[in-house]
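Student: Below is one structure. I have some questions about it.
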Amino acid sequence: MAVMRGRQFFQNPGPTNIPDRVLRAMDRPAMDFMSAEFRAITAECAEGLRRVFKTEHPILGYASSGHGAWEATLVNLFSPGDRLLVLESGYFSLNWGKLAEELGFVAETLPADWRAGIDPAAVETRLREDRAHEIKAVLLVHNETSTGVANRCAEIRRAIDRAGHPALYLVDVISSLGSFDFRMDEWQVDAVVGGSQKGLMLPIGMAFTAVSAKALKASEAAKTPRIYWDWRRYLTGREQTSWPGTAPVHMYYGLQEALRLILEEGLDQVFARHHRLGEATRRAVRVWRQNNGPEIFASDPRVESDSITAVLLPEGQDAEAVRRIALQRFNVSLGGGLGTLNGRVFRIGHMGDLNEPMLLGALAAVEMALGLAGVPHGKGGVDAAMEYLAAN
Ligand code: PLP
């Protein structure tokens, strides 16, 4: 391996760049997690998280990756044999459904065109057919990290309401939270799954479930065994602290600082920055599309994600070769295609601690890598991104 100088440009869609201020905040000794000092940190974090989730409901944390929060929502809410409607949008929605099946629930998948995202009308139709209300919940991945498609969460809420169906609405916001708008209370989401390592700019190791009053009521009747994930252990206050075990104190140090960064910038400004960076990326890819080059995987402008762009290569071209060249020649790390998209797409993450020159550097490396890999493409994608960023 050649010696690499300078910083790596890390454009993976999770984990993401960790700001120096967060790293410094975590670089300190442990603390008694039952002390008043630590409680003050958790209280500040709880308030900050409520602003980011846009909720007044409880937000419960776990020392786990997102998979833990996926599992926590399911085991707290359902009993064996309960039917769940999984809205298929890509690799992550299918995996949440697979996890549900393995836990003993019936995961019915509502298929969709992965490039267009979930059609709210199809959700309404399926729920109207379910006159006996056998479907206990609708499961949505807000932002499909595998495809760069941002599903229309609010419209799907309205589709559930139009069908007059009482199903719980469960939404995974792992790669949208803190990157673009999500409103738990306004959109009447019953359980939200979040993670630390994307828009929140933290290391992997903390996941969240936010829980509506309707979900809490459902959890009282749920018969699936659960211990670490059990919302009751948190909310009845019978435990030694408000955390179901030793609290991850260093993650809290980081979370406190990350939330301060987000709130200092302002949530709307954070979203505007993500939109600008996302749009600049898309402008570049649209130029690369010329000469039968690669294209944006999302096929409908309404669902283009502001946190990650998946780039689909022309038939016969290898996305992994582009990724390899970007990393080995230019020290730019991109996301690979997941599941059936492996080799077909590479993914440019543009979420978290990122600014214009970082993105432009990465886009320049991608444009060079396309050329070196022999992928036909239009020249001048980076110029189009620069022009857009200068004007906006
Ligand atoms: N859901 C989405 C949308 C994700 O992007 C990921 C991971 O990237 C997961 C769930 C799984 O989370 P984790 O890998 O943190 O367990």
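The values are calculated or read from the model by the stated rules, or taken from the named source; none is laboratory data. The model shown is predicted, which means the values in this text are computed figures rather than measured ones. Here the Cβ positions follow ideal geometry from the backbone for every residue, glycine too, while neighbour counts run over all protein chains shown. Surface areas here come from the heavy atoms of the whole protein model, side chains and all, with no ligands, DNA or RNA. Shrake-Rupley method; radii C 1.70, N 1.55, O 1.52, S 1.80 Å.
Student: Among the residues of the stretch 33-40, is there at least one that is in contact with a strand residue (DSSP E or B) (Cβ under 8 Å, 6 or more places away or on another chain) and open to solvent by less than 80 Å² (accessible area, probe 1.4 Å)?
Tutor: No: zero hits.
Student: Hey, another quick one. Evaluate the following for K98: is it of a type in the set (K, R) and within 30 Å of G349 (Cβ to Cβ)?
Tutor: yes
Student: Next question. Within the group A213, A221, A159, which residue is out of contact with any Lys or Arg (no Cβ under 7 Å at 6 or more places or on another chain), more than 21 Å from E47 (Cα to Cα), open to solvent by 10 Å² or more (accessible area, probe 1.4 Å) and in contact (Cβ under 8 Å) with a residue 12 or more places away in the chain?
Tutor: Unique residue meeting the criteria: A221.
Student: OK, next. Looking at the stretch 139-178, which of the residues that are among the acidic types (D, E) and near the ligand (Cβ under 10 Å from one of its atoms) is farthest from V303 (Cα to Cα)?
Tutor: Only one residue tops the list, namely D172.
Student: Quick check on D82: is it of a type in the set (D, E, K, R), buried (at least 20 other Cβ atoms within 10 Å of the Cβ) and modelled with pLDDT of 95 or more?
Tutor: Taking the combined requirement at face value, the residue satisfies it.
Student: Among the residues of the stretch 181-197, which ones are within 13 Å of the ligand (Cβ to nearest atom) and open to solvent by 20 Å² or more (accessible area, probe 1.4 Å)?
Tutor: Passing the criteria: only Q197.
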